[in-house]
Amino acid sequence: ARFAGKATRFDAAYTLAGWTSIAVPAFMRGVYARRLDWHLMYETNRYRYFRPPIEGKLADGEKVRARFLLPLEDRNPTLATLLARRGMRTSAVVDGGFTEILAKAWGAGAGFDEFVDLRKVAGRRANDGHTATQAVAALRRLRAAGEPFFLWVHFFGPHAPSSTHKGSPRYGASEADRYDHEVHFMDRQVGRLLNLASQPNPRPLATVLTSDHGERFFNTKTRGHGWGTTEDYIRVPLIVWAPGLPPGTVDTLAGSVDLVTTLLDLTETPG
């Protein structure tokens, strides 16, 4: 709320899909998902990813639990690729939780000079506190270098399944209550990063806060996402602080598909 009070808040903002594997690759390229060149991926019950064919690749007891599409060889350049091409230092701190959807090997690292995977730093029990610590360290390094930079930080905490955190209130036993607990903890961790970003910087700095998807509560015990395009799945927060943008609330339609072109415009980067 403190950050939003000084920034431009878009109250009718929508992501490109209700699922990370579609939304992130699309908004990182600034195109609608139908324009990407998708490739089939298999996810196993051990949350490992494989490209087909999978015969002979699975360990004993390992089975395919889901199929995903990822744009592994898509021709559309990512925002990081375009910014790196014009001379900006590009860095990412990414928590993909228990999956490999945002692993560097599967395309999320395209264009980044530095890519910190929280799974490799803190293991599968990584939380938003670990992410914030790595992100703050990365931002300090980038600021100290005095060169133009782009930093992408992906927090995972409010994603199911829920966990508990010391210092954050327990609101109740329902799935919505546990979600609120997760959001409270994430808010504190994101605040650590925003506090540093708001300090005087030798170069103009733009900060964007958004989400790749929303969440639906089916009942007191179950929640999830990815199965529809209703408001709870795809309406997301979008808060932007940037030189030249006045603080306030915008209620006209906005979408994460426009983030790339907006940031390219702000940084005067050819598309």
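The values are calculated or read from the model by the stated rules, or taken from the named source; none is laboratory data. Because the structure is a prediction, the values reported are computed rather than measured. Because the Cβ atoms are built from the backbone with ideal geometry, glycine has one as well, and the counts that use them run over all protein chains shown. These accessible areas exclude ligands, DNA and RNA; they are computed on the full protein's heavy atoms, side chains included. Shrake-Rupley method; radii C 1.70, N 1.55, O 1.52, S 1.80 Å.
Kindly indicate which of Ala23, Ala13 is in contact with a Ser or Thr (Cβ under 6 Å, 6 or more places away or on another chain), buried (at least 21 other Cβ atoms within 10 Å of the Cβ), at negative phi and at pLDDT 95 or above. Full working, then the answer.
Numbers: Ala13 fails: in contact with a Ser or Thr (Cβ under 6 Å, 6 or more places away or on another chain).
Going through Ala23, Ala13 in turn, the sole match is Ala23.
Can you find a residue in the stretch 224-242 that is in a loop (DSSP other than H, G, I, E, B), farther than 17 Å from Ala4 by Cβ and of a type in the set (Phe, Trp, Tyr)? So that I can check it myself, show each step before the final result.
The initial filter retains those residues of the stretch 224-242 that are in a loop (DSSP other than H, G, I, E, B), namely 225-230, 236-237, 242.
Restricting the remaining residues to those that are farther than 17 Å from Ala4 by Cβ gives 225-230.
Those left that are additionally of a type in the set (Phe, Trp, Tyr): 227.
Scanning the stretch 224-242 turns up at least one residue that is in a loop (DSSP other than H, G, I, E, B), farther than 17 Å from Ala4 by Cβ and of a type in the set (Phe, Trp, Tyr).
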Q. So which helices (runs of 4 or more DSSP H) stay within the stretch 100-197 end to end and still have 1 or more residues that are touching a strand residue (DSSP E or B) at 6+ places or on another chain (Cβ under 6 Å)?
A. 128-145, 175-197
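A quick yes/no check of all residues on (1) among the small types (Gly, Ala, Ser); (2) surrounded by 22 or more Cβ atoms within 10 Å (Cβ to Cβ):
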{"position": "Leu82", "(1), (2)": "no, yes"}
{"position": "Val94", "(1), (2)": "no, yes"}
{"position": "Gly107", "(1), (2)": "yes, no"}
{"position": "Asp113", "(1), (2)": "no, no"}
{"position": "Ala122", "(1), (2)": "yes, no"}
{"position": "Arg125", "(1), (2)": "no, no"}
Q) When you scan the stretch 167-180, how many residues do you find that are touching a residue at least 12 places away in the same chain (Cβ under 8 Å) and within 16 Å of Gly214 (Cα to Cα)? A) 4
Q) From the list Val240, Val260, which residue is open to solvent by less than 50 Å² (accessible area, probe 1.4 Å) and in contact with a Gly (Cβ under 6 Å, 6 or more places away or on another chain)? A) Val260
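Tell me yes or no: at least one residue of the stretch 204-214 is surrounded by 11 or more Cβ atoms within 10 Å (Cβ to Cβ) and farther than 30 Å from Arg85 by Cβ.
Initial filter on the stretch 204-214 (surrounded by 11 or more Cβ atoms within 10 Å (Cβ to Cβ)): 204-214.
The next check asks that each one be farther than 30 Å from Arg85 by Cβ; those that pass are 214.
Yes, the stretch 204-214 contains a residue that is surrounded by 11 or more Cβ atoms within 10 Å (Cβ to Cβ) and farther than 30 Å from Arg85 by Cβ.
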**Q.** Members of the stretch 250-271 found to be in contact with a strand residue (DSSP E or B) (Cβ under 9 Å, 6 or more places away or on another chain) and without any contact (Cβ under 8 Å) to a residue 40 or more places away in the chain, listed by number
**A.** Thr262
